[in-house]
1. Got a number for residues in the stretch B:416-429 being more than 14 Å from every other protein chain (Cβ to nearest Cβ), under 22 Å from B:Ile160 (Cβ atoms) and open to solvent by 30 Å² or more (accessible area, probe 1.4 Å)?
2. Could you go through the stretch A:155-174 and let me know if any residue there is within 16 Å of ligand 2 (Cβ to nearest atom), in contact with a Pro (Cβ under 9 Å, 6 or more places away or on another chain) and within 14 Å of another protein chain (Cβ to nearest Cβ).
3. Which of the numbered conditions does B:Lys363 fail, given that it passes all the others? Conditions: (1) assigned to a helix (DSSP H, G or I); (2) at pLDDT 95 or above; (3) more than 13 Å from chain A (Cβ to nearest Cβ).
4. Which ones in the stretch A:88-100 are within 7 Å of another protein chain (Cβ to nearest Cβ) and within 19 Å of the chain's Cα centre (by Cα)?
5. Using beta carbons and a limit of 7 Å, which pairs, at least six apart or on different chains, have the first residue in the stretch A:211-223 and within 22 Å of A:Gly19 (Cα to Cα) and the second one within 15 Å of ligand 2 (Cβ to nearest atom) and among the β-branched types (Val, Ile, Thr)?
6. State whether the residues of the stretch B:370-390 include one that is within 22 Å of B:Asn262 (Cα to Cα) and among the β-branched types (Val, Ile, Thr).
7. Can you tell me which residue among B:Asn271, B:Asn275, B:Asn335 is open to solvent by 20 Å² or more (accessible area, probe 1.4 Å) and within 15 Å of the chain's Cα centre (by Cα)?
8. Can you name the number of the only condition in (1) within 16 Å of ligand 2 (Cβ to nearest atom); (2) touching a His at 6+ places or on another chain (Cβ under 6 Å) that A:Ser227 fails?
Amino acid sequence: MLEIKNLHAGVKGKAILNGLNLKVNPGELHAIMGRNGSGKSTLANIITGRDDYDIISGKIEFNGIDLNEMAPEDRALEGIFMSFQYPVVIPGVNNTYFLRAALNAQLKHFGKKEINAADFMRLIREKLKLVNMDEKYLSRAVNDGFSGGEKKRNEILQMLTLEPKLSILDETDSGLDIDALKIVAKGVNDFRDSTRSFIAITHYQRLLEYMEPDFIHILIDGKIVKSGDISLAQEVEKKGYSWLES
Amino acid sequence: MKYFRDEFDSFLDLNKDENDTLIKLRKKSFENFMETGLPTSKWEDWQFTNFSSLNAGDFRLSSANDVIKPPGIVPGQIPHSHLLLIINGHYQPGLSKLPKNVTISSGADHYFSHPEFYSHKNMESKWSKGLNPFYSLNTSMMNSGICVQVEENTVLSNPIQIIYLTTAIQNEIMNHPRFVFELGNNSKATFVEHYIGSTSIGYFNNCVTLVELGQNSFMDHIRIQEETSGSHHVANSFYGLSQGSTLNVNNTSIGSSLYRHNINLKFCDANSSANYNALSLVDNEQHHDQRIIVEHSSDSCQSNQLFKYILSDESSGVFNGKVIVEEHTRQTDANQSNKNLVLSPSALMNANPQLEIYAEDVKCSHGSTTGQIDPEALFYLKSRGLSHKKSMELIMNGFISDISELVNDKHISEYLNKIASQQLQKIMK
Ligand SMILES: Nc1ncnc2c1ncn2[C@@H]1O[C@H](COP(=O)(O)OP(=O)(O)OP(=O)(O)O)[C@@H](O)[C@H]1O
Ligand SMILES: [Mg+2]
């Protein structure tokens, strides 16, 4: 699904990722942990193609396609999705309208018939239930007046609607209360299958208790210094990161 | 400048039969205009707008030669509205049936029945802050326009739409339309004042609009400026609000290379409220300059202004807004907001929101922001698979979405949305 080879990358000319390797196969959930500023969000931004974030050397392939030079919207259409660490408010842009436009862009990309407003409402109501969100959020502007946790749920709502192949969850658990965390984790778990992959960036082992990752990676100074199973997360929770530094 | 004198002289010649007092008013106004000439960059409140193209121009006052047959399909016509059509300054009667309790009169007829709307003395005393050379020029040569009066206790279910169309002209013309909209006590109506151009030849419209709201009346005024890109559009609008009246204005401007609009709004009596939303969408070298003065001269009045501009290419915008709260007025609530989106590094916005408060019992807010498309928002939308173009479109439509909130008529809303999104498509490129 995703293959990153010896990736050096940065933002605005500053190097942040320093030789990162990662391979994510279909059906796998990889968790990435690491200190503040270690480069986790940078990795997510590089994979999704954000402006100002540049690959210096190395390679990212998604299902065999080289992602370098590919526009973010094309990556999204190919099935890459990021749940933002800090979802942005977009004044005046209606949430429902936006999400239907996004779904239709995808349907059109695959030569399928676009979904009309009525069918979309039926679909979105189903998805709302999965994240336990009230319908009133649909009529608001994107993320406008949403609490921190509501924004995160809105991200998951978008994921469940767009059904990406690779979902990158950048600290989706941060700011969620325990009930919301369970709801979001259940949403993700029900969505998991042998064809979809996930990269979950988190600071807390708690999320991983609900999500059952296949691999845990520890990112230090833009490099994966150690990979392992859930026990690695437990170890980090106890000991912190310094023992992993070289 | 010389052409103004020539045109004025031949106008007087052609209208020799006009009533003496009206001729006197015209002459006096023309003298006033010639004394000052057109505003220059040295004038306070005019410094950002250059009228040299009007000085250098050679606009002929529209004449009988410019009378043409109305087109089969009138551009801009809004469904379910009562249409009043003026083409090249010439009223086309008999196109639509007006509702009961609504009377229209044109130029001289209205002047004789309502000289108070025209007398310089009256205008000076009521609108001392709003008079300027363009107003005088309009009075001297007012040659078109229409007065619409809605009687007391009348509720109009359909809007009255005035289309002022400039089309199929042979050479550069000018017009000085005078509009009066009078809404009787306890009445309710929607007026659409709509300027459209369809010609590749340049022209100059110098408009004056007087709006009077009777006690406890309710007016929606929609002003649409869709002149051609080669035209000049200068306007003076005056709104007088009587006790307990409510005014909602939507002012959408997308045309003209040179657009200057002076808006004067006055609370003449207590307990009234006015909401004024304005939108300018410009590209190329368009210049849009709007100045509004809101005078809170009575108790318990509320005003809200929202001015938004989107500027692309080498276009420029000016917003100059002043709220004046006069001494001894009580319970004033005044809000003013100006927000601008600049799409290109060569586009320029000048904003100057001002408050002049001479009373104590006041709730006021004002502010102005100018910025670019938020790159975070743009990336967010793209990361969901939306193209660059679609994402930009969504963000800009989102930016202007609150402007149309004041429009109550569905057909007008649809029309405004349509022209705004077409213009956005154009200026995005
Ligand atoms: N747009 C940017 N401009 C300048 N510096 C940036 C930018 N984005 C990230 N950085 C820097 O890159 C480094 C890595 O940031 P990144 O956001 O990837 O960290 P993170 O691991 O996600 O941290 P956190 O756990 O706090 O979210 C930080 O030092 C950060 O300041
Ligand atoms: Mg981060």
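1. Applying the first criterion (more than 14 Å from every other protein chain (Cβ to nearest Cβ)) to the stretch B:416-429 yields B:416, B:418-419, B:422-423, B:425-429.
Restricting the remaining residues to those that are under 22 Å from B:Ile160 (Cβ atoms) gives B:416, B:418-419.
Then drop every residue that is not open to solvent by 30 Å² or more (accessible area, probe 1.4 Å), which leaves B:418.
Residues flagged as more than 14 Å from every other protein chain (Cβ to nearest Cβ), under 22 Å from B:Ile160 (Cβ atoms) and open to solvent by 30 Å² or more (accessible area, probe 1.4 Å) within the stretch B:416-429 amount to 1.
2. Yes: the stretch A:155-174 contains one or more residues that are within 16 Å of ligand 2 (Cβ to nearest atom), in contact with a Pro (Cβ under 9 Å, 6 or more places away or on another chain) and within 14 Å of another protein chain (Cβ to nearest Cβ).
3. Only one criterion in (1) assigned to a helix (DSSP H, G or I); (2) at pLDDT 95 or above; (3) more than 13 Å from chain A (Cβ to nearest Cβ) is unmet by B:Lys363, namely (1).
4. Here is the first cut: in the stretch A:88-100, the ones within 7 Å of another protein chain (Cβ to nearest Cβ) are A:88, A:90-93, A:98.
Answer for the stretch A:88-100, where residues must be within 7 Å of another protein chain (Cβ to nearest Cβ) and within 19 Å of the chain's Cα centre (by Cα): A:Val88, A:Phe98.
5. A:His217/A:Ile32; A:Leu219/A:Ile32; A:Gly222/A:Ile16
6. Step one: list which residues in the stretch B:370-390 are within 22 Å of B:Asn262 (Cα to Cα), which gives B:370.
Next, only the ones that are among the β-branched types (Val, Ile, Thr) stay: B:370.
Checked the stretch B:370-390: at least one residue is within 22 Å of B:Asn262 (Cα to Cα) and among the β-branched types (Val, Ile, Thr).
7. None of the others qualify; the one that does is B:Asn275.
8. (1)
The values are calculated or read from the model by the stated rules, or taken from the named source; none is laboratory data. Because the structure is a prediction, the values reported are computed rather than measured. With ideal geometry, Cβ positions are generated from the backbone for all residues, glycine too; neighbour counts draw on all protein chains shown. What goes into the accessible areas is simple: the full protein's heavy atoms, side chains included, and nothing from ligands, DNA or RNA. Shrake-Rupley method; radii C 1.70, N 1.55, O 1.52, S 1.80 Å.
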